[in-house]
Amino acid sequence: MRWDRELEIAKSVAVKAGEAIMEIYNNADIEVEYKKDQSPLTIADKTANKLIVEALRNHFPTYAILSEEEKDDKMRLSNDYCFVVDPLDGTKEFIKRNGQFTVNIALAYQHESVIGVIYVPVTRELYYGARGYGSFLQSADGCVRKLAVSDNRDMSALRVVISNSHGCKQMDDLIEKYQLTNLLKVGSSLKGCMIAEGKADVYYRFNPTMEWDTAAMQCIAEEAGAIFRQMDDTVMYYNRENSLNEKGFYIISHAEVAL
């Protein structure tokens, strides 16, 4: 199947949401609320969510939407088409004002991520991919290039991306076991984009995440040649009853660099 219309609209909407986020980022004190799970929420999350959800519903009224900032409508489970949205991925990074936050929009078709769009508001870089189409990076000046994972297979030179805000003992143990020294601390879905772009080789995530954290990243990484699996080596599916990614996941550039 071709996903041209869905991809172009998702790209446009992600950029508009990113522009709205930047207005808040540059011109306002960031007031923070906390959800029941103690994760932070800002006006930027809410503003971007409203813009994205309204636009997607307008263009694709028959498609379901699963968004971090929307009440979950389980009717989505009977729909083959479901947009999976994180309007501001990396809210902690947004609050820190370190620029490492993104807008994530994916489309799941029959539970597979077939479109991934990740926009980086601060740098105005747009990563996107579609199943069978490839992955691309559009820079701030409008230049577009196709993405491909690194050819590096040298374990001693392995570049490992790890979370800025979500460390864990399992990852610490892995770093010690393999004596990993080339560690790149990055926030949000940028970690997966770095592997797709060939700037990193390995990303292991043991902590739980949600569907909207991984759906866009998975499509972009896989279309660039990466391997994306849950920690038990099974495929990650979307538009599920339980949106929690309980098993963790990993993204690697090649099977030879698996830890």
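The values are calculated or read from the model by the stated rules, or taken from the named source; none is laboratory data. Computed from a predicted model, the values in this text were never measured in an experiment. No Cβ is skipped: glycine too gets one built from the backbone with ideal geometry, and neighbour counts run over all protein chains shown. Surface accessibility is based on the protein's heavy atoms, side chains included, excluding ligands, DNA and RNA. Shrake-Rupley method; radii C 1.70, N 1.55, O 1.52, S 1.80 Å.
Within the option set Asp86, Asp72, being open to solvent by less than 10 Å² (accessible area, probe 1.4 Å), over 21 Å from Arg5 (Cβ atoms) and among the acidic types (Asp, Glu) holds for one residue only, Asp86. The criterion of being crowded, with 19+ Cβ neighbours inside 10 Å, aliphatic (A, V, I, L, M) and over 17 Å from the mean Cα position of the chain (by Cα) does not hold for Leu174. For beta carbons closer than 6 Å, sequence separation of 6+ or different chains, a first residue in the stretch 133-160 that is among the β-branched types (Val, Ile, Thr) and a second that is in a loop (DSSP other than H, G, I, E, B) and at pLDDT below 95, the qualifying pairs are Val160/Leu180. Flag: Lys11 does not match the condition of being within 18 Å of the chain's Cα centre (by Cα), open to solvent by 60 Å² or more (accessible area, probe 1.4 Å) and over 21 Å from Arg240 (Cα atoms). Taken over the stretch 14-45, the criterion of being of a type outside the set (Val, Ile, Thr) and either within 18 Å of the chain's Cα centre (by Cα) or closer than 15 Å to Val117 by Cβ (or both) is satisfied by Ala14, Lys16, Ala17, Gly18, Glu19, Ser39, Pro40, Leu41, Ala44, Asp45. Inclusion of Ile251 among residues that are of a type in the set (A, V, I, L, M) and crowded, with 24+ Cβ neighbours inside 10 Å is warranted. A search for C-beta distances below 6 Å between a residue of the stretch 171-198 that is within 19 Å of Trp212 (Cα to Cα) and any residue that is surrounded by fewer than 21 Cβ atoms within 10 Å (Cβ to Cβ) and modelled with pLDDT under 90, counting only pairs 6+ apart in sequence or on different chains, returns Gly187/Asn164. Would you check if there is a residue in the stretch 145-161 being more than 20 Å from the chain's Cα centre (by Cα) and hydroxyl-bearing (Ser, Thr, Tyr)? Yes, the stretch 145-161 contains at least one residue that is more than 20 Å from the chain's Cα centre (by Cα) and hydroxyl-bearing (Ser, Thr, Tyr).
Just name the residue that is farthest from Leu126 (Cα to Cα) out of those in the stretch 145-164 that are open to solvent by 70 Å² or more (accessible area, probe 1.4 Å) and not hydrophobic (A, V, I, L, M, F, W, C). It comes out as Ser156.
Take the conditions at pLDDT 95 or above, in a helix (DSSP H, G or I) and open to solvent by 50 Å² or more (accessible area, probe 1.4 Å) and apply them to Lys50. Does it pass? In short, yes.
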